[in-house]
1. Does segment 55-66 contain at least one residue that is of a type in the set (Val, Ile, Thr) and surrounded by 12 or more Cβ atoms within 10 Å (Cβ to Cβ)?
2. Go through (1) more than 15 Å from the chain's Cα centre (by Cα); (2) exposed (fewer than 14 other Cβ atoms within 10 Å of the Cβ) for Phe14 and report which single condition fails.
3. Just wondering, is there one or more residues in segment 31-54 that are surrounded by 11 or more Cβ atoms within 10 Å (Cβ to Cβ) and either acidic (Asp, Glu) or touching a Pro at 6+ places or on another chain (Cβ under 7 Å) (or both)?
4. Collect the residues in segment 39-73 that are modelled with pLDDT of 95 or more and among the aliphatic types (A, V, I, L, M), keeping them in residue-number order.
5. Could you grab me the full set of residues in segment 68-111 that are polar (S, T, N, Q) and touching a residue at least 40 places away in the same chain (Cβ under 8 Å)?
6. Among the candidates Val76, Val99, Val109, Val85, which residue alone is at pLDDT 85 or above and farther than 21 Å from Ile33 by Cα?
Amino acid sequence: MLNEEEIDVCKATFVMAVKDAVNVVSGKWKLAIVCALLQDGQRFSDLERLLGSVTSRSLSKDLKELELNGIITRGVVPGSNSSAVIYELTKSGRSLEKVIMEMASWGQVHRQGIRSKNPALRYESLPVE
């Protein structure tokens, strides 16, 4: 955890900490994968279905990177043959829930602000429910 001196946004340690965090979750699908795993572990095919337009190759690559970074674990589905794999969040991965919720809140406010300034603007992102 950063101490008060390291939290100074001009300090290299603060910038490096932010860069490290962004590096772990950057990419088109990584945060979506983490979101899909917040409720429960998922099999590869379940993640493909939940994420919609992700390619198998992209999903596989991002799952491997998340596993290497200690965000998810890859295990065998209990009571199944050894080829049935399930992906679950680690303790570190679960700690991203607060960050994701804050990002979602910020995203909603940001989207509303953009739309209120320019209603004709097509703001590309997930549809508003």
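1. No, that holds for no residue.
2. (2)
3. yes
4. Leu47, Leu59, Leu63, Leu66, Leu68, Ile71, Ile72 - these are the residues of segment 39-73 that are modelled with pLDDT of 95 or more and among the aliphatic types (A, V, I, L, M).
5. Answer for segment 68-111, where residues must be polar (S, T, N, Q) and touching a residue at least 40 places away in the same chain (Cβ under 8 Å): just Asn69.
6. Val109 is the lone residue from the list that is at pLDDT 85 or above and farther than 21 Å from Ile33 by Cα.
The values are calculated or read from the model by the stated rules, or taken from the named source; none is laboratory data. Quick caveat: nothing in here was measured; it's all calculated off a predicted structure. Please note: Cβ atoms are built from the backbone with ideal geometry, for glycine as well, and neighbour counts cover all protein chains shown.
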